[in-house]
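Structure first, then comments.
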Amino acid sequence: MRRVARRGIRRVGSARKSAAPCVARAFGGIAAVRKLKRADVDVTLIDRHTYNTFQPLLYQVATASLNPGDITWFLRAIRAKQSNVRFLKGLVESMDHETKTLQLDGGLEVKYDYLVIAVGVTANFFGIPGAAELAMPLYRRSQALAVRDKMFAALEDFAVNGQDRDLRIIVVGGGATGVETAGAFAELRNNDMPVTYPELDRKRVHITLIEMLPHVLGPFHPKLRDYARKSLDKRDVDLRLGTAVKEVRDDGVLVEHDGEQEFLPASIVVWASGITAHPTVQDWSVPQGRGGRIETDEHLRVKGMKDVFAIGDVSISPDEPLPQLAQPAIQGGKHVANVIKAELKGKTVKPFKYKDKGTMATIGRSSAVAEIKFLPRLKGFPAWVIWVGLHVATLLGNRNRFATMINLTAKYLVWGSHNAIVGETPPVVALKPVTVDAREPRKAVSRAAARKAAVASAAKGIEGVRQGPKG
């Protein structure tokens, strides 16, 4: 489960401030807490972790472009600019709304006057055999690191033992996360591997994107979908559209297309398809709708509960479902904070109205799509610049913004770097006796010549991928 932000809020005229606990995740919970900065309330922010994770860039950690610290923010740091908030580390196990009490792991108990739930969601595996046990979602920092380390472990093993089989990374789901992840893996293979892993044959490294619909990026305009598909093709991503995953095994994925089943051997399966509420929500005594998400009314108040709110991905309004994006969560958090402040003063506010500011997705360097309000549909370099700028600006903390900007600059603007951000990998065990001969010293070459050779090698590798089979 994600963070739990609690706020203590008391009624107007009481001797003490109101307490409003908020069980919260990144965007919505933090937005609500900050909006209550000058309110006459005591806010308690509760989370199972001591840090906030900027999930839209988790795939950059998984593909060795960003440090995990670049996209995480110490939650206790919120007190630097807000004295009416405190942080409590814990996992909410149950809720008693009659006594207004939260039960946390470790025997902790928290009372509330108002409660804001903003815990986000987790991966939905749709009951597909093997998916929950073997596929790797990207919702937590630890999951991104697991994907990264497993990838480098496979590459190091192949570098010593040779490529007796193809290395395939499968990404399931053609939404923004799936497209961005597949594009990043492809650029790592095309641009970095020719230099950093000269022992490997790039023709035998495959990036496969599986999507059940006949197109990627479903919410976008058809022209932008088509651009994204062509951009993925240009990067030699093996696109499997109109294809359903039937089973995930420890050595690959069984898929079905037009009634025909096929087994795709794979070393890594990244799951970027579907969301559902965390199973713990079932123990919180709140009404749940589609996907286990908490049902709310026009003020994002949990149905049937006067002082309990739910915002972000974990909430759903049957009358007007909102997209699972950052903006609905941020706007929802601010609205709930305004509702609480108004009620403390005996006032009311208008129902929540989501203002759609647009959406975007990137495929790779200089390639993105964007639908932004009051702007024409954008694609290519202009959309990519906006994507980078917006994501850097949305990060919490200047240190995170500077670090992310530096690392993304090294990745996208300095092609000759190839300095992947790696972690620990297990020892490589030779499957048969291996002798590495010393090579004759090579004549020193200029950086320009080395860069030219690397580009030529990468181009040769890409051409080989294009000519190779897609199976």
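The values are calculated or read from the model by the stated rules, or taken from the named source; none is laboratory data. From a predicted model like this one, the values you see are computed outputs, not experimental measurements. Positions of Cβ are backbone-derived with ideal geometry, glycine not excepted, and every protein chain shown enters the neighbour counts.
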Worksheet item: Which residue pairs have Cβ atoms closer than 7 Å, lie 6 or more positions apart in sequence or on different chains, and pair a first residue in region 386-406 that is buried (at least 16 other Cβ atoms within 10 Å of the Cβ) with a second residue that is among the β-branched types (V, I, T) and not in a helix (DSSP H, G or I)?
Response: W387/T362
Worksheet, complete the sentence: Scanning region 160-174 for residues that are modelled with pLDDT of 95 or more and over 17 Å from R148 (Cα atoms) gives G173, G174
Discussion item. Exactly one condition in (1) among the hydrophobic types (A, V, I, L, M, F, W, C); (2) free of Cβ contacts under 8 Å to residues at least 40 places away in the same chain; (3) more than 17 Å from A329 (Cβ to Cβ) is false for I316; which is it?
Written reply: (3)
Fill in: Members of region 144-170 that are surrounded by 18 or more Cβ atoms within 10 Å (Cβ to Cβ) and under 13 Å from the mean Cα position of the chain (by Cα)
A144, V147
Worksheet item: For the subset of region 349-371 comprising residues that are crowded, with 17+ Cβ neighbours inside 10 Å and of a type in the set (D, E, K, R), which member is farthest from G28 (Cα to Cα)?
Response: R365
Worksheet item: Quick check, is L45 within 30 Å of I207 (Cα to Cα), aliphatic (A, V, I, L, M), touching a residue at least 12 places away in the same chain (Cβ under 8 Å) and not in a helix (DSSP H, G or I)?
Response: no
Practice prompt. Could you please tell me which pairs satisfy a Cβ distance under 6 Å, a separation of 6+ or placement on different chains, a first residue in region 188-205 that is within 17 Å of L413 (Cα to Cα) and in the same structural domain as K411 (by TED's automatic domain parsing), and a second residue that is at pLDDT 90 or above and polar (S, T, N, Q)?
Written response: L188/T63
Discussion item. Among the residues that make up region 208-219, is at least one of them in contact (Cβ under 8 Å) with a residue 24 or more places away in the chain, of a type outside the set (D, E, K, R), touching an Asp or Glu at 6+ places or on another chain (Cβ under 7 Å) and more than 23 Å from G380 (Cβ to Cβ)?
Written reply: yes
Worksheet item: Taking region 171-194 as the region of interest, how many residues are under 17 Å from the mean Cα position of the chain (by Cα) and not hydroxyl-bearing (S, T, Y)?
Response: 13
Worksheet item: Could you list, in sequence order, the residues of region 151-185 that are assigned to a helix (DSSP H, G or I) and within 20 Å of D201 (Cβ to Cβ)?
Response: M151, F152, A153, A154, L155, E156, D157, F158, A159, V160, N161, F185
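Considering only residues that are assigned to a loop (DSSP other than H, G, I, E, B) and surrounded by fewer than 15 Cβ atoms within 10 Å (Cβ to Cβ), look in region 100-141 and name the one that is nearest to the chain's Cα centre (by Cα).
Here is the first cut: in region 100-141, the ones assigned to a loop (DSSP other than H, G, I, E, B) are 100, 108, 112-113, 119-121, 124-130, 135, 138-140.
With surrounded by fewer than 15 Cβ atoms within 10 Å (Cβ to Cβ) added as a condition, the list becomes 126-127, 129.
On the way: F126: 19, G127: 21, P129: 23 Å.
Only one residue fits best here, namely F126.
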Discussion item. Out of A370, A337, A361, I need the residue that is on the phi < 0 side of the Ramachandran plot and assigned to a helix (DSSP H, G or I). Which one?
Written reply: A337
Worksheet item: Do the conditions hold for E211, that is, is it buried (at least 22 other Cβ atoms within 10 Å of the Cβ), of a type in the set (D, E, K, R) and either at negative phi or out of contact with any Gly (no Cβ under 9 Å at 6 or more places or on another chain) (or both)?
Response: yes
Discussion item. Quick test of your reading of the structure: E320 fulfils all but one of (1) crowded, with 22+ Cβ neighbours inside 10 Å; (2) out of contact with any Asp or Glu (no Cβ under 7 Å at 6 or more places or on another chain); (3) assigned to a loop (DSSP other than H, G, I, E, B). Name the failing condition by number.
Written reply: (1)
Response to the item:
Considering region 270-287, residues that are among the small types (G, A, S) and under 22 Å from G218 (Cα atoms), and then whichever is modelled with the lowest pLDDT, we arrive at G274
Worksheet entry | Filtered residue count, region 48-79, keeping only those that are among the hydroxyl-bearing types (S, T, Y) and either assigned to a helix (DSSP H, G or I) or more than 20 Å from D149 (Cα to Cα) (or both) | 3
Worksheet item: Which one of these does P376 not meet: (1) assigned to a loop (DSSP other than H, G, I, E, B); (2) surrounded by fewer than 14 Cβ atoms within 10 Å (Cβ to Cβ); (3) touching a helix residue (DSSP H, G or I) at 6+ places or on another chain (Cβ under 9 Å)?
Response: (3)
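Against the definition (more than 14 Å from I169 (Cα to Cα), out of contact with any Gly (no Cβ under 9 Å at 6 or more places or on another chain) and of a type in the set (A, V, I, L, M, F, W, C)), how does V281 come out, yes or no?
no
One line per residue, one yes/no per condition, for (1) outside the structural domain of V172 (by TED's automatic domain parsing); (2) charged (D, E, K, R):
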site	(1), (2)
V237	no, no
T243	no, no
D258	no, yes
E262	no, yes
P287	yes, no
E295	yes, yes
V302	yes, no
L325	yes, no
G332	yes, no
Discussion item. Quick check on A337: is it out of contact with any Phe, Trp or Tyr (no Cβ under 9 Å at 6 or more places or on another chain), under 18 Å from R34 (Cβ atoms) and without any contact (Cβ under 8 Å) to a residue 40 or more places away in the chain?
Written reply: no
Practice prompt. Quick one: count up the residues across region 354-385 that are of a type in the set (F, W, Y) and without any contact (Cβ under 8 Å) to a residue 12 or more places away in the chain.
Written response: 1
